[in-house]
Amino acid sequence: MNLNSYQVVYLIANIFGTYILYKFMHVFFEQKEANHKIELLSFGGYYIVIALVYLIINIPVVTMVCNMFAYLGLSFNYRADIKRRLLSVFLIYLILMCIELIVALFSGYFNFAMMVTNNYSSEYGLIAVQIMLYLVVRVLNNYKNIKLGETIPLANWIAIILIPIASLCIILIFFQAKGLSREQVLIGVVLVLLVNFTTFYLYDVISASMVDKMDKRLLGQQNKYYQKQFELMESSLQTTKAMRHDMRNHLSVIYALVEKGETAAALKHLSKMSEIYDRKKHYACTENIDIDSILNFKIREAEQLAKLNSKI
């Protein structure tokens, strides 16, 4: 296969484009949980597949479908739920598409047929796309909360994912619309891009809110454990004081019995004392207040549940 200069530039630029996609994935997903060898091989495989699709087919709608399925496959390098995977696919692809369209429109290309071979041939446009995408991904990397892994409520997720899906439909309508000028399409694509940047921001804010909500819930639970541990310690202190008082009385009785020579009675009294103190409740005491508070809280919950079941 003889490659022209544009195809050679495309293949070279797409190496950098694959790296940019790698960086985009890390906007959404934690890299430390990925198998780095498999991750590297999967991105290499992505580059080869997309390059072949371009060289052999080069029809926009086919390229779009292949890219979206490839993005979804690449997302499985990382630990996440299906909601975050789908949202990442739509947002990443839409931003890449908008940048490509903006550069193409600026370079004078206005033939956006989806079902026929793409004849765009600006080598400078290819380079400009990669530069712009790199700048965009650097900006989006400032959104640190997206990758924290907190699951956002389904209603919020539906509202967010509808934005890129609707944006993609709008762009596809642009391709089919008649009578629109290049400037009108350019303004529309820029606005769609800005809307989806806003979606990134909203998703980051919601993720941060979910993290804060979870932290507050954990703090409230921890405070509950501490309160129960304090009550237990206070109860234990009162019990110890009572035991000390009782011990004096018992020792006085035993001393009197021994003094009278009533050894058998003294031993019997000691035996009763042993039975009484063996029945005292013992709780966790690891000298770590965090562990003790949680264990003791759970022990008391289990005791209350056992009492309730016994009544039933």
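The values are calculated or read from the model by the stated rules, or taken from the named source; none is laboratory data. Remember, it's a predicted structure, so these values are computed and weren't measured experimentally. All Cβ positions, glycine included, derive from the backbone under ideal geometry; neighbour counts span all protein chains shown.
Is it true that VAL27 is over 23 Å from ASN142 (Cβ atoms), assigned to a helix (DSSP H, G or I) and in the same structural domain as LEU133 (by TED's automatic domain parsing)? When the stated conditions are applied, VAL27 does not pass them. For ASN77, the criteria (1) assigned to a helix (DSSP H, G or I); (2) surrounded by 13 or more Cβ atoms within 10 Å (Cβ to Cβ) hold in every case but one, which is (1).
Of all the listed residues (LEU72, LEU101, LEU96), the sole one being in the same structural domain as VAL136 (by TED's automatic domain parsing), aliphatic (A, V, I, L, M) and over 22 Å from VAL190 (Cβ atoms) is LEU72.
Pairing residues of segment 81-94 that are outside any helix (DSSP H, G or I) with residues that are not acidic (Asp, Glu), at Cβ distances under 8 Å and at least 6 apart in sequence or on separate chains, gives ASP81/THR151. Taking the criterion of being buried (at least 20 other Cβ atoms within 10 Å of the Cβ) and either modelled with pLDDT of 90 or more or more than 36 Å from the chain's Cα centre (by Cα) (or both), would at least one residue in segment 144-157 satisfy it? Scanning segment 144-157 turns up no residue that is buried (at least 20 other Cβ atoms within 10 Å of the Cβ) and either modelled with pLDDT of 90 or more or more than 36 Å from the chain's Cα centre (by Cα) (or both). Taking the condition of being loosely packed, with under 11 Cβ neighbours inside 10 Å, of a type in the set (Lys, Arg) and closer than 30 Å to LEU101 by Cα, how many residues in segment 176-224 meet it? Looking only at that region, the number is 1.
Read through the list (1) touching a helix residue (DSSP H, G or I) at 6+ places or on another chain (Cβ under 9 Å); (2) modelled with pLDDT of 90 or more; (3) within 29 Å of ILE160 (Cβ to Cβ), then give the number of the only condition that ALA13 fails. Among (1) touching a helix residue (DSSP H, G or I) at 6+ places or on another chain (Cβ under 9 Å); (2) modelled with pLDDT of 90 or more; (3) within 29 Å of ILE160 (Cβ to Cβ), the lone unmet condition for ALA13 is (3).
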